1. Can you run down the residue pairs with Cβ atoms below 8 Å, 6 or more apart or on separate chains, where the first is in the stretch 149-168 and of a type in the set (Lys, Arg) and the partner is assigned to a strand (DSSP E or B) and crowded, with 20+ Cβ neighbours inside 10 Å?
2. Take the residues in the stretch 9-31 that are of a type in the set (A, V, I, L, M, F, W, C) and surrounded by 20 or more Cβ atoms within 10 Å (Cβ to Cβ); name whichever of them is nearest to LYS243 (Cα to Cα).
3. Considering the stretch 1-57 alone, what residues qualify as being small (Gly, Ala, Ser), closer than 17 Å to CYS210 by Cβ and not in a strand (DSSP E or B)?
4. How about the stretch 224-245: which of its residues are among the hydrophobic types (A, V, I, L, M, F, W, C) and more than 19 Å from PRO120 (Cβ to Cβ)?
5. So SER68 fits all but one of (1) touching a helix residue (DSSP H, G or I) at 6+ places or on another chain (Cβ under 6 Å); (2) under 30 Å from ARG233 (Cα atoms); what number is the exception?
6. Every residue in the stretch 71-97 that is part of a loop (DSSP other than H, G, I, E, B), over 23 Å from VAL28 (Cα atoms) and out of contact with any strand residue (DSSP E or B) (no Cβ under 6 Å at 6 or more places or on another chain), please.
7. Give the stretch 62-94 a look and list any residue that's over 13 Å from SER22 (Cβ atoms), more than 20 Å from the chain's Cα centre (by Cα) and among the acidic types (Asp, Glu), or say none.
8. Under the condition of being buried (at least 24 other Cβ atoms within 10 Å of the Cβ) and out of contact with any Ser or Thr (no Cβ under 7 Å at 6 or more places or on another chain), which residue from the stretch 202-211 is nearest to GLY117 (Cα to Cα)?
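The values are calculated or read from the model by the stated rules, or taken from the named source; none is laboratory data. Please read all numbers here as calculations on a predicted model, not as lab measurements. Glycine gets a Cβ as well: all are built from the backbone with ideal geometry, and neighbour counts include every protein chain shown.
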Amino acid sequence: MTPGFLSCRISHITQWAPGLRSMRLDHVSSRFVAGQFFQLALSEDGMTNKRSYSAASKPGEPLEFLMSEVPAGVLTPAIFRLREGDELDLDPTPLGYFTLDEVPDCRVLWLISTGTGLGPTLSMLRQGSIFKRFAQICVVHGVRETEQLAYANELRELGRTCGLAYLPVVSRDAPPFGGLAGRVTQAYESGALERSASLAIDADAHVLLCGNPEMIEDMTVLLKARGLKKHRRREPGHFNYEKYW
């Protein structure tokens, strides 16, 4: 076992698409705050490889992670060979500040993610209190292919029961009904995001960006061009981000 880590059993796996799965462990973290991440590790051939993954689960429930396989990676190919009942190592200490505690009071919250960056968004939504704090919430999930829209049914159900605006954005495939074609940045630049959600990204809103670093860098430029600024504790702003890989 990796020093300082716990050995956890995989209790459930959902295969969303080739190279895309969610994995639930038999461990509940008492200190986890929605939006934080954990380190996972596996040892093979005398080598231990670690990587950080944001949890998609509701605090107080078994940890769940949404992950994509990187064929040339040092860890994910081994993780994707694991099956339900197998074990891997978990650092039980949650880390990170990409949480709702860091979001200033506002009327509209935009949760914009690409790929597995949807994970912390799910955790925040599943916590439930988010719907009491913000008047309107929009979830934007950008992927390449429609089959990669993990948890789409759960998000649509939140739309029906909680008034959530859910906008899937697909760049290499035909989007589902109500979705948008192209990249997230293109949908923002064209105004399609705001028109489809009937919500504005302005000084009365806050944006949480999570996923592909290129998307985050491009969106940061676009948001700043609109006069919005990155949020800091000492200087409240309009957006935060969490870069993956």
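1. Pairs that qualify, where the first residue is of a type in the set (Lys, Arg) and the partner is assigned to a strand (DSSP E or B) and crowded, with 20+ Cβ neighbours inside 10 Å, are ARG156/TYR166.
2. Per the stated criteria, the residue is LEU20.
3. ALA34, GLY35, ALA56, SER57
4. Within the stretch 224-245, ALA225, LEU228 qualify.
5. (2)
6. If the condition is that a residue be part of a loop (DSSP other than H, G, I, E, B), over 23 Å from VAL28 (Cα atoms) and out of contact with any strand residue (DSSP E or B) (no Cβ under 6 Å at 6 or more places or on another chain), then PRO71, ALA72, GLY73, ARG81 are the ones that fit.
7. The answer is ASP86, GLU87, ASP89.
8. LEU209
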